[in-house]
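The values are calculated or read from the model by the stated rules, or taken from the named source; none is laboratory data. Remember, predicted model here, so these are calculated numbers, not experimental data. Neighbour counts run over all protein chains shown; Cβ positions are idealised from the backbone, glycine included. The protein model used for the area step is the full one, side chains on, heavy atoms only, and it has no ligands, DNA or RNA in it. Shrake-Rupley method; radii C 1.70, N 1.55, O 1.52, S 1.80 Å.
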Amino acid sequence: MTIPFNRLQMLGDEAKFIEQALANSHLMGDGGFTRKCHALLEQTLGVGRALLTTSCTHALEMAGLLLDLKPGDEVIVPSFTFVSTANAFVLRGARPVFADIRPDTLNLDERKVESLITERTRLIVPVHYAGVGCEMDTLLEIARRRGVAVVEDNAHGLFGRYRGRALGTFGSFSTLSFHETKNVSCGEGGALLVNDPRHVERAEIIREKGTNRSRFFRGMVDKYTWVDVGSSYVMSDLLAAFLYGQLLEHERIQSRRRALWETYHRELAGWAAAQGVSQPHVPAECEQAYHMYYLLMPSLEVRTRFIQQLRQQGINAVFHYLPLHVSDMGRTFGGQVGDCPVTESISDRLVRLPFFSTMTEQEQTTVLSAVRDFRC
Ligand SMILES: *Cc1c(COP(=O)(O)O)cnc(C)c1O
């Protein structure tokens with residue numbers, strides 16, 4: 001038996017909705033299924049406006065355009081994240097300033113943010129790693145006091161909460177990913193959540209190539225024209241049909257992921273303690289989104305052996321982000337080894353176990369016994 005790291009899930013009416021979209025002869029964006037996804041996200045999360053996009057990366061780019069970022073502006077991002085968290089703003093000429101992460105949650109360390117703020121800082125981008133909320137009270141307080149915007153990269157945290165409030169509803173904007181590896185997916189896709197009502201109209205314009213097409217379709221203007229900058233960020237209704245099938249099943253997806261996560265956590269606790277391996281930490285104020293299950297091994301050498309030993313048994317465990325500050329691009333912004341010591345250490349030691357909502361009990365039992373057989 002081989003156990004992949006991730007497997008595409010089809011849990012509900014994805015195929016039926018795709019057939020309906022074909023029958024509707026409406027494959028371009030903003031059709032019936034897109035509107036259904038928007039309404040579902042707005043109601044479940046309590047956000048003013050949700051807009052499906054072609055990816056989370058594109059939603060982050062939209063945030064950069066909406067904030068009118070200019071060359072020389074500085075954006076504080078964690079070094080331990082996906083490239084797009086930084087690159088979307090670098091496209092606007094902004095300079096990424098890499099902050100280290102907390103050793104417990106692996107989230108942007110709010111205690112290190114303030115000292116990185118300069119006169120040029122425009123934005124802080126927290127990433128809710130693994131779907132566990134960042135320390136938003138402190139981050140929002142710093143941002144408010146220093147006059148800096150907050151955009152949440154919530155690619156991992158859909159349906160997670162911090163102090164009872166949905167992740168993705170704290171920043172002026174937040175972004176979601178529906179990439180195949182995320183909890184809810186349509187292969188490639190994302191969304192921009194707009195929490196500040198003053199930005200809604202312009203977000204619609206930027207998403208529609210800089211035109212006021214959305215207002216035209218609502219009958220609010222009698223012709224549509226070029227009114228601002230923008231690009232083509234609208235998701236096809238065919239993909240939205242697939243996505244709607246998944247979103248309707250989100251409670252089932254989340255509860256299955258929760259059961260798998262809790263089983264890993266409970267069943268590996270004794271082994272981890274004996275081997276000097278750390279398990280994930282979820283603060284009491286966070287209801288996590290169950291995006292992944294990871295372990296922190298004692299060293300890079302142990303992690304390499306661990307991944308190899310599992311692979312020999314057909315189990316695909318993987319490592320995660322390489323520190324952005326010492327990547328080829330990160331170094332061009334002055335990043336150096338030693339700038340973010342927690343990120344550097346975690347990146348070498350973190351390993352993610354196979355984790356997907358269609359994982360069977362037998363598959364998880366196989367992974368558990370293979371992990372428990374490993375000696376550090
Ligand atoms: C997956 C991911 C992205 C990119 O998502 P796409 O939809 O593939 O563009 C961005 N940020 C984080 C933290 C991610 O995990």
Assigning unit charges at the beta carbon (Lys, Arg +1; Asp, Glu -1) and nothing else, what dipole magnitude in debye, to the nearest 20, does the stretch 214-288 show about its Cα centre?
140 debye
Computed FRET value (nearest 0.05) for A274 with L27, which takes r as the C-beta separation and R₀ as 45 Å:
0.25
Accessible area in square angstrom per residue, the stretch 250-373, 1.4 angstrom probe
45 Å²
Explain nothing, just the number: dipole magnitude of the chain about its Cα centre with +1 on each Lys and Arg Cβ and -1 on each Asp and Glu Cβ, in debye rounded to the nearest 20.
100 debye
So how far apart, in nm, are the two label points at Q336 and Q20 if each is 7 Å from Cα heading toward Cβ?
5.9 nm
Remind me, relative contact order of the chain in percent, using alpha carbon pairs under 8 angstrom and six or more residues apart?
23 percent
Let a ≥ b ≥ c be the square roots of the eigenvalues of the Cα gyration tensor of the stretch 171-295; is it rounded (a/c under 1.5), or, if not, prolate (a/b larger than b/c) or oblate?
prolate
Of the residues S327, I142, L27, the Cα lying farthest along the dipole of the chain towards its positive end, which is defined by charges on the beta carbon of Lys, Arg, Asp and Glu, belongs to L27
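Please get the size of the charge dipole for the stretch 22-74, origin at its Cα centre, with Cβ charges of +1 on Lys and Arg and -1 on Asp and Glu, quoted in debye to the nearest 20. Walk me through the numbers on the way to the answer.
Working: 4 positive and 6 negative charges, 66 e Å.
The calculated dipole for the stretch 22-74 is roughly 320 debye.
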Per residue of the stretch 292-299, what does 6.51 cos²θ - 1.76 cosθ + 1.60 with θ = phi - 60° give for ³J(HN,Hα)? Whole Hz please, x for Gly and Pro, Karplus curve as stated.
7, 10, 10, 10, 10, 7, x, 7
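Give the peptides 149-161, 95-107 in descending order of average Cβ contacts within 10 Å, highest first.
Top of the packing list down: 149-161, 95-107.
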Of the accessible area of the chain, computed with a 1.4 Å probe and all protein chains kept, carbon and sulfur make up a percent value of 52 percent
Net length gained if the chain between K223 and Q43 were fully extended (0.36 nm per residue, minus Cα distance):
61.7 nm
Roughly what % of DSSP beta bridges within the stretch 14-248 run antiparallel, to the nearest 5?
55 percent
Helical contribution to [θ] at 222 nm, DSSP H n ≥ 4, -39,500 (n - 2.57), averaged over the chain, rounded to 500
-11500 deg cm²/dmol
Would the chain count as rounded, prolate or oblate if I go by the C-alpha gyration tensor, calling it rounded below 1.5 in a/c and otherwise prolate when a/b exceeds b/c, oblate otherwise?
oblate
Once you sort the root eigenvalues of the Cα gyration tensor of the stretch 116-162 as a ≥ b ≥ c, which label holds: rounded (a/c under 1.5), prolate (a/b larger than b/c) or oblate (the other case)?
prolate
How large is the Kirkwood hydrodynamic radius of the stretch 67-131, in angstrom, based on all distinct alpha carbon pairs?
11.9 Å
The helix 250-275 Cα axis meets the longest alpha-carbon principal axis of the chain at an angle in degrees, between 0 and 90 and rounded to 10, of 30 degrees
Tilt, helix 14-23 to longest principal axis of the chain (alpha-carbon atoms), in degrees rounded to tens, equals 20 degrees
Where does each of 350-359, 220-229, 76-85, 193-202 land if you order them by average Cβ count within 10 Å, highest first?
76-85, 350-359, 193-202, 220-229
At a 10 angstrom cut-off on C-beta neighbours, averaged per residue, how do the peptides 168-178, 108-118 rank from highest to lowest?
168-178, 108-118
Below 8 Å, C-alpha to C-alpha, sequence gap of six or more: please give me the relative contact order for the stretch 233-376 in percent.
29 percent
Percentage relative contact order, the stretch 309-376, counting C-alpha pairs under 8 Å, at least six apart:
38 percent
With angles folded into 0 to 90 degrees, how steeply does helix 300-312 sit against the dominant principal axis of the chain? Use alpha carbons for both and round to 10.
90 degrees
Cα-based convex hull, the stretch 250-373, per residue volume (Å³, whole number)
143 Å³
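What are the semi-axes of the equivalent ellipsoid for the stretch 1-114, taken as the square roots of 5 times the Cα gyration tensor eigenvalues, largest first, in whole Å? Walk me through the numbers on the way to the answer.
On the way: eigenvalues 228, 93, 41 Å².
After diagonalising the Cα gyration tensor, the semi-axes are 34, 22, 14 Å.
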